[in-house]
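Take a look at the structure below.
The values are calculated or read from the model by the stated rules, or taken from the named source; none is laboratory data. Here the structure is a predicted model, which is why all the values come from computation and not from measurement. No Cβ is skipped: glycine too gets one built from the backbone with ideal geometry, and neighbour counts run over all protein chains shown.
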Amino acid sequence: MTPPHAKPGAIFTIGHSSLDLDDFVAILAGRAINVVCDVRSRPGSYRFPQFNRESLEACLAASKIQYEFLGEALGGRPSDPRAYYSDGIVNYEERRKAADFSAGMDRALELARASNIVLMCAEEDPLQCHRFLMVCPALLDRSVAPVHIRRGGELESQREAEDRLLKLHDLTAFDSSSLFVSERDTAVKDALRLQAKEFAFRASPEAIEYF
């Protein structure tokens, strides 16, 4: 039976943070998630080795959950030097225009047509992660509103997350309760740019030349 708030073909996001693998899998099961799409550029963790690709993939397979690595296309540390500003920060808006990024999005949506999927990265709070800052705007452009799984398995809608983002950047005049909803999209884009300056991956400008 499909749990509340989950329907066939739903797209969730999650940050594994410091979870135990058993707890992680239990959260997925609670939302009837069948596919984990790993959007980490480097599918491993020094601090939490249980989420190294090999360990994670084996655990998911034992629970009959499919693992799909999409980090090359949808990861937050792209190898394409054109995806970076001159100061070394990833340019999320430019990255979304890339052909391989679009192909990765197509693959995620293909998986979502048959199953509930989750886009997984490391950070618990989506506002601090490229999955929200870079990938979710592309989902919205494709008329898909993702749902974010937070600590303890609680759900946060995309709109609720955007409202938090607007509050962080003193743009609450444009949140869901305001009288200026028509200008909300512009305010969200501005807030995304400000947030990305703080949380997007930064490579040294010299290193970009060798990508």
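The table that follows gives values for the structure above.
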quantity: Hey, ASP185 outside any loop (DSSP other than H, G, I, E, B), among the charged types (D, E, K, R) and more than 16 Å from GLY75 (Cα to Cα) or not; calculated: yes
quantity: Residues that are of a type in the set (S, T, N, Q) and farther than 26 Å from GLU110 by Cβ, drawn from the stretch 53-93; calculated: SER55, SER86, ASN91
quantity: Single residue of ARG107, ARG82 found to be surrounded by fewer than 16 Cβ atoms within 10 Å (Cβ to Cβ) and farther than 16 Å from VAL39 by Cβ; calculated: ARG82
quantity: Any hit, the stretch 67-80, residues being out of contact with any Asp or Glu (no Cβ under 8 Å at 6 or more places or on another chain), closer than 23 Å to PRO146 by Cα and assigned to a helix (DSSP H, G or I); calculated: yes
quantity: Check on SER41, over 23 Å from ARG159 (Cα atoms), part of a loop (DSSP other than H, G, I, E, B), of a type in the set (S, T, N, Q) and under 13 Å from the mean Cα position of the chain (by Cα); calculated: yes
quantity: Residue pairs meeting the criteria (Cβ under 8 Å; at least 6 apart or on separate chains; first farther than 10 Å from LEU21 by Cα, in the stretch 37-61; second modelled with pLDDT of 95 or more and among the acidic types (Asp, Glu)); calculated: CYS37/GLU68; ASP38/GLU68; SER41/GLU72; ARG53/ASP38
quantity: Boolean, SER55 is among the hydroxyl-bearing types (Ser, Thr, Tyr), surrounded by fewer than 16 Cβ atoms within 10 Å (Cβ to Cβ), more than 26 Å from ARG113 (Cα to Cα) and under 18 Å from the mean Cα position of the chain (by Cα); calculated: no
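Residues checked against (1) assigned to a helix (DSSP H, G or I); (2) small (Gly, Ala, Ser); (3) in contact with a Lys or Arg (Cβ under 9 Å, 6 or more places away or on another chain); (4) surrounded by 20 or more Cβ atoms within 10 Å (Cβ to Cβ):
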{"position": "ASP100", "(1), (2), (3), (4)": "yes, no, no, no"}
{"position": "SER115", "(1), (2), (3), (4)": "no, yes, no, no"}
{"position": "GLU124", "(1), (2), (3), (4)": "no, no, yes, no"}
{"position": "MET134", "(1), (2), (3), (4)": "yes, no, yes, yes"}
{"position": "PRO137", "(1), (2), (3), (4)": "yes, no, yes, no"}
